[in-house]
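Visitor: Dumping the structure here so I can ask a few things about it.
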Amino acid sequence: MNGLTMNDDGLPGARSAARIAAVQALYQMEISEEAADDITAEFVEFRFGRENEVTPGEPDAEFFSDIVHGVPARQQEIDKEIAKCLAKNWRLSRVDSLLRAIMRAGAYEILARRDVPAKVVIDEYVSLTHIFEAEDGAPFINAALDKLAHLKRPEEFGGEAPDDQF
């Protein structure tokens, strides 16, 4: 689980575990068209607190819920910003649904969670591509989130903050 924040037990820290679960939840929401409230309740009740291969560690339920509710609430805005970061011949709809979930969650954090440094967000979501065995997508996720972070948080990379902050 290279790149994720780990706790003393060698498991992902609470926020890293929340990101893993959030990507699963966002993917499930897209496939099943279930609402964020229903998915959040399912994960908290039936998946959190149970050791398993894909969601190891104890997720930060509040952080998880923020991502799972924040992405669909701001999805149009998120997708628009992601589209600016893709190659001209790429459309977000062409991106695999798992990579789309990873990218949307990462973009949400870059846009809405200024308490988390952009470089941490990028590293965590690139690492998630390996957990979900989507290694081929890692460079794609890295490039898109890095470009978005430079556009929306240039001050973290030595530039000036944009006027259109959220």
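The values are calculated or read from the model by the stated rules, or taken from the named source; none is laboratory data. Please read these numbers as outputs of a predicted model, since none were measured by experiment. All Cβ positions, even for glycine, are placed from backbone atoms using ideal geometry, and neighbour counts span all protein chains on display.
Visitor: Can you say whether I102 is modelled with pLDDT of 90 or more and hydrophobic (A, V, I, L, M, F, W, C), as far as the supplied structure shows?
Guide: Details: modelled with pLDDT of 90 or more: yes; hydrophobic (A, V, I, L, M, F, W, C): yes.
It is true that I102 is modelled with pLDDT of 90 or more and hydrophobic (A, V, I, L, M, F, W, C).
Visitor: In addition: Working only within the stretch 39-63, note down all residues that are loosely packed, with under 12 Cβ neighbours inside 10 Å, at pLDDT below 70 and within 11 Å of A14 (Cα to Cα).
Guide: Result: no residue meets the conditions.
Visitor: What about A107, is it surrounded by 14 or more Cβ atoms within 10 Å (Cβ to Cβ) and touching a His at 6+ places or on another chain (Cβ under 9 Å)?
Guide: Criteria not met by A107.
Visitor: Go through (1) surrounded by 19 or more Cβ atoms within 10 Å (Cβ to Cβ); (2) over 14 Å from the mean Cα position of the chain (by Cα); (3) closer than 20 Å to G137 by Cα and name the single condition W90 misses.
Guide: Every condition holds for W90 apart from (1).
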